[in-house]
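The values are calculated or read from the model by the stated rules, or taken from the named source; none is laboratory data. Predicted model only: the values in this text are computed from it and were never measured. Don't worry about glycine lacking a Cβ; one is built from the backbone with ideal geometry, like all the others, and counts go over all protein chains shown. These accessible areas exclude ligands, DNA and RNA; they are computed on the full protein's heavy atoms, side chains included. Shrake-Rupley method; radii C 1.70, N 1.55, O 1.52, S 1.80 Å.
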Amino acid sequence: MYISKKRIQLPVWGLLLFVFGCQDSEMQIDDTYVFYQPAHFPEATYTLENNPVTEKGFLLGEKLFNDPILSRDGSVACSNCHQQGTAFADSQQHPLSKGVEDREGIRNAPSLANLAFLPEFFWDGGVTHLDFVPLNAIETEFEMDETIENVIVKLNKSETYRALFKDVFDMDEVTSPYMLHALSQFMVMMISDNSRYDQYLQGEEVLSSEELAGMELFESKCEGCHAGVLQSDFSYRNNGLDAMPLDSGRNRITENSQDWGKFRVPSLRNVELTSPYMHDGRFETLEEVLKHYNSGVQIYETLDPSLKSGISISDDERAKIISFLKTLTDRDFTRDPKFFIH
Amino acid sequence: MKTLKSTIALLAMAVLFISCGEETEDPQTKLGSSVAIEFDNFVGTSQVNLESEASTSYAYNTTGGQEFNLTRVQYYVSKIILTGENGEIFEDELQVSANADEIKGYYFIHESDNASKLIELTNVPKGTYTQITFNLGIDEEGVQEGAAGGILDPANGAPFWNWNAGYIGMTIEGQTSVIDESEFAIHIGGWKDIIPEDGTTQKFYNNVKTITLNLDVNMQVNSTLEPEIHIVTDIQKILGDVDFTATPQVHSPAVGRLFADNLESAFVVDHVHQ
């Protein structure tokens, strides 16, 4: 099932073709900015054919991601709420995100790892294509409180940005789809596929007996929802946080009462780094999360049937599951210099 | 994975071609001729005249007798298909692109711009056509291509829902004398059905409607004839039995559906210029 070959070789072929076709033997082969499909991951969902990643496009996306010009008063960048050190989740001091004028949001900013492979976005799945996600951040009053029209006006006033968009997309004017494409090029490259767990799957790493025991426990107790190599089946479920959920969750999108208080099953990649946990950041530690499943599950009518009587987890099992969860930490990703501000 | 591989391979080829300046363009073969489609917006029997946002003159009535005026009428038309009885078929090419000039097959009709109301189809194979089909709105195929330019660019006036992301297929805005705040806005959006598993009422709807209209004549297309299909859109029919006091603002697929269901009957082919 798991193929050890990590990266598809085709991009390299492409470059070879390029070199060969142009008889330019000086070309360097550098795959830092080449999108790749990890062999053991689900197939990428992102429309790369409409927006292939290039080095220049990635770097423009990175500049935009770190630039508060996208917010109304120039105070908040995407990177305020999505930081590399925490796998592009929010910093731990912010259970709920903080936007312009320190306005408090309603949800915890999730990690942005492996966005290219997700079918839907946000805790409630309200957005179904990555390109459209930033429109929400930009226009939500408690995030960047700006309009997309005005962002484009501001970018067009900047000589630097005009020159960059010309260079990357050959467009004389900055328009929103290219700005969104640049951000997506940056974000789809946030591939976290080199945790110790990945290395283990590829036969390159040995896990301790404690970690392996934790993995087995995880498979039997959690995989009903946190399934597969990204630990999510991407369904929307109520995992019993509240007897009367205040945030309507998936219901906000579908308007169905049966979806009240349901949230997307999150991927648990880098979960060691993404505290606090849950859509509202209510738990600070993984211990608290596991104690919740063991003894804190609240009954509400949309509660997932599999959690009706909680999940029994002994203290010993809890420690094992947590050591397994820590094998999902990918320091190569959180320290990858290609994401440093250039 | 296969598709991804081949996409990457294709991209590589594209890079090869571009970088070596060996662009080859397919010679445009002219298959047939052009057909124009004109959309004309009416309320009942009166042509739509937009009012300013401060206006208190109400030229129209709903079927329930509530007076109103219109400040904005706009909609997307896409996936146009012409068919004939002898197997003639013309399917308008579709392409979503970040580059405004490369968008094909998606049209944004808005009352304030006359040019937008005329769609020019080219290369329609010669033959006799009896039917036109189109989508009112942008369906999943269009939305899931991602960020797009021109008429699909939210920074350029494209009506778009950020949350519950997708295009608003039909926008009808105006004022009415029957409510204090006077403004009403009917936004018909939603491109996906989500059917509840527990049997409760569905609230999340695909409100993109496929509309098929018979042409009133056998429309001849050949290199010398360039026919024009004249379609009339009746806003009164779309509003149906709306009660502005109860429903002045419509911004969700669930409520929009009540209006989307009226769309099919709101379009008619008035006549075809041969």
Go through segment B:156-166 residue by residue and tally those that are part of a strand (DSSP E or B) and open to solvent by less than 10 Å² (accessible area, probe 1.4 Å). 1
Select from segment B:170-189 the residues that are open to solvent by less than 10 Å² (accessible area, probe 1.4 Å) and either within 14 Å of another protein chain (Cβ to nearest Cβ) or free of Cβ contacts under 8 Å to residues at least 12 places away in the same chain (or both) and list them in ascending order. B:GLY189
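In segment A:107-122, how many are away from chain B (no Cβ under 11 Å) and touching a residue at least 40 places away in the same chain (Cβ under 8 Å)? Walk me through how you get there before you give the answer.
Within segment A:107-122, the first condition is being away from chain B (no Cβ under 11 Å), and the residues that meet it are A:107-115, A:117-118.
Filter once more, keeping what is touching a residue at least 40 places away in the same chain (Cβ under 8 Å): A:107-108, A:110-115, A:117-118.
The total comes to 10.
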Would a scan of segment B:210-227 turn up a residue that is buried (at least 20 other Cβ atoms within 10 Å of the Cβ) and within 18 Å of the chain's Cα centre (by Cα)? no
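Got a sec? Which of A:SER75, A:SER79, A:SER91, A:SER111 is of a type in the set (S, T, N, Q), surrounded by 22 or more Cβ atoms within 10 Å (Cβ to Cβ) and in the same structural domain as A:VAL174 (by TED's automatic domain parsing)?
On the way: A:SER75 fails: surrounded by 22 or more Cβ atoms within 10 Å (Cβ to Cβ); A:SER79 fails: surrounded by 22 or more Cβ atoms within 10 Å (Cβ to Cβ); A:SER91 fails: surrounded by 22 or more Cβ atoms within 10 Å (Cβ to Cβ).
Going through A:SER75, A:SER79, A:SER91, A:SER111 in turn, the sole match is A:SER111.
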Within segment B:122-148, how many residues are assigned to a strand (DSSP E or B), modelled with pLDDT of 95 or more, out of contact with any Phe, Trp or Tyr (no Cβ under 7 Å at 6 or more places or on another chain) and crowded, with 19+ Cβ neighbours inside 10 Å? 4
Can you tell me how many residues in segment B:29-85 are in contact with a helix residue (DSSP H, G or I) (Cβ under 6 Å, 6 or more places away or on another chain) and of a type in the set (A, V, I, L, M, F, W, C)? 2
All positions within segment A:186-222 that are over 30 Å from A:ASN294 (Cβ atoms) and touching a Ser or Thr at 6+ places or on another chain (Cβ under 7 Å): A:GLN202, A:GLY203
For segment A:276-303, how many residues are among the small types (Gly, Ala, Ser) and touching a strand residue (DSSP E or B) at 6+ places or on another chain (Cβ under 8 Å)? 0
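Kindly indicate the residue of segment A:123-133 that is touching a residue at least 60 places away in the same chain (Cβ under 8 Å) and under 27 Å from A:ARG331 (Cβ atoms) and also nearest to the other protein chains (Cβ to nearest Cβ) among those meeting that condition. Talk me through it step by step, then tell me what you get.
Taking segment A:123-133 first, the residues touching a residue at least 60 places away in the same chain (Cβ under 8 Å) are A:123-126, A:129-131.
Next, only the ones that are under 27 Å from A:ARG331 (Cβ atoms) stay: A:123, A:130.
Numbers: A:TRP123: 12, A:LEU130: 7 Å.
Top of the filtered list is A:LEU130.
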Just the residues that are in contact (Cβ under 8 Å) with a residue 24 or more places away in the chain and either assigned by TED's automatic domain parsing to the domain that holds A:TYR33 or assigned to a loop (DSSP other than H, G, I, E, B) (or both), please, taken from segment A:154-187. A:SER158
